[in-house]
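Structure first, commentary second.
The values are calculated or read from the model by the stated rules, or taken from the named source; none is laboratory data. Keep in mind that this is a model prediction, so the values were computed, not measured. FYI the Cβ positions are ideal-geometry reconstructions off the backbone, even for glycines, and counts take in every protein chain you see.
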Amino acid sequence: MRRFQTSNIPNSARGAAVAIGNFDGVHLGHQAVIDVARAQAIKSNAPLGILTFEPHPRSFFAAKFNHDLLPFRLLSAEARAHRLEKLGVKLLLELPFDQALCDLGDWEFSQKILSEAFGLSHVVVGADFCFGKGRQGNATTLCDHANTLDFDVTIADLKNYNTQVISSTNIRNALAAANPRGAAAMLGHWHRLEGLVTHGEKRGRELGYPTANISIDGLQPPAFGVYAVLVDVLTGPNLGTYHGATSIGVRPMFGENRPNCETFIFDFTGDLYGETVSIGLVDYLRGEEKFDGLGSLITQMDADCTRARSILESL
């Protein structure tokens, strides 16, 4: 996949059929939009692309107006890129979301970005798509602009799960409610936390449960507690998928207050420091607790791992 973080792209990348959006989570609704763009790309023998924004517009506006913003993203930019590449996206256009872009009206955005800068042949958006200064443009407006600017537009229907629209917001709500399976039903895949394995305090090793620690800074943390997980090792000599148990929280036993993600990988003896791992949340086992001693903590960890093994072996 070719990845561009600017509106200046080579001629070889022009003429793509793209889906436009933030694609936080790359959920089933996003995938439906991408599938429509894929069909158009095949029809016109054009590359399949994604046009998205970095940073997320929500982050930009929070900074602009000095608003406190709790972490809300489901995926980092890197994890989003990895997920999109798995879906066969050939071209990722990450448009810098800055004041200059924010000031563009919907016509200017269509003309200067979609037509002139990227030379797109086909654009696919969801039915709820809004764009331009003050969100003044919508999917119908985009179709009107496209008729003048000589590119095609397809509006994809929204997707539902049970009685609600599949959205990044509803997925965040499911994760906050300790419902990773509900989130997965809307995502079309396990919700994943991805990052570099870093050195921690080595407490897990001392307890007989060495963990792979990754930062979740900038991401909305799921409900604090212990999860049965699938671990994909993405780099290094130990590539593969493993079973494990993950603790997400602030470690009340040890007086921590910054959310972290620690994963014990079953039957694993390799070194993962500096490697990239992806932690897929399968089931929520229990909430975060403060135990009266290390003995009680180890007993509970034994029980957690036994239960996680049983769940994961039944997948």
### Task
Determine whether Ser296 is of a type in the set (Gly, Ala, Ser), assigned to a helix (DSSP H, G or I) and at pLDDT below 90.
yes
#### Entry: The lone exception for Asp106 - which of (1) modelled with pLDDT of 95 or more; (2) acidic (Asp, Glu); (3) within 19 Å of the chain's Cα centre (by Cα) it fails
(3)
### Task
Among what's in the range 99-135 and is more than 18 Å from Ala156 (Cβ to Cβ) and touching a residue at least 60 places away in the same chain (Cβ under 8 Å), pick the residue that is surrounded by the fewest Cβ atoms within 10 Å (Cβ to Cβ).
Gly119
### Query
Looking only at the range 23-48, which residues are surrounded by fewer than 17 Cβ atoms within 10 Å (Cβ to Cβ) and in a loop (DSSP other than H, G, I, E, B)?
Asn45
## Note on the structure
Within the range 49-98, the count of residues that are surrounded by fewer than 13 Cβ atoms within 10 Å (Cβ to Cβ) and either in a strand (DSSP E or B) or of a type in the set (S, T, N, Q) (or both) comes to 1
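Quickly run through the range 170-181 and pick out the residues that are assigned to a helix (DSSP H, G or I), out of contact with any strand residue (DSSP E or B) (no Cβ under 8 Å at 6 or more places or on another chain) and surrounded by fewer than 18 Cβ atoms within 10 Å (Cβ to Cβ).
Answer for the range 170-181, where residues must be assigned to a helix (DSSP H, G or I), out of contact with any strand residue (DSSP E or B) (no Cβ under 8 Å at 6 or more places or on another chain) and surrounded by fewer than 18 Cβ atoms within 10 Å (Cβ to Cβ): Asn173, Ala176.
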### Summary
By residue number, the members of the range 116-137 that are within 12 Å of Val18 (Cα to Cα) and out of contact with any strand residue (DSSP E or B) (no Cβ under 9 Å at 6 or more places or on another chain) are Gly119
### Query
Is the range 194-211 home to any residue that is assigned to a strand (DSSP E or B) and crowded, with 18+ Cβ neighbours inside 10 Å?
yes
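Residue-wise test of (1) outside the structural domain of Gly132 (by TED's automatic domain parsing); (2) in contact with a helix residue (DSSP H, G or I) (Cβ under 9 Å, 6 or more places away or on another chain); (3) free of Cβ contacts under 8 Å to residues at least 40 places away in the same chain.
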site	(1), (2), (3)
Val33	no, no, no
Ala39	no, no, yes
Thr52	no, yes, no
Ser59	no, no, yes
Phe72	no, yes, no
Ala79	no, no, no
### Message
Looking at the range 231-242, can you tell me whether even one residue there is closer than 27 Å to Ser296 by Cα, modelled with pLDDT of 95 or more and assigned to a strand (DSSP E or B)?
### Response
yes
### Leading residue by the ranking (nearest to Thr246 (Cα to Cα)) among those in the range 148-169 that are crowded, with 17+ Cβ neighbours inside 10 Å and under 22 Å from the mean Cα position of the chain (by Cα)
Ser168
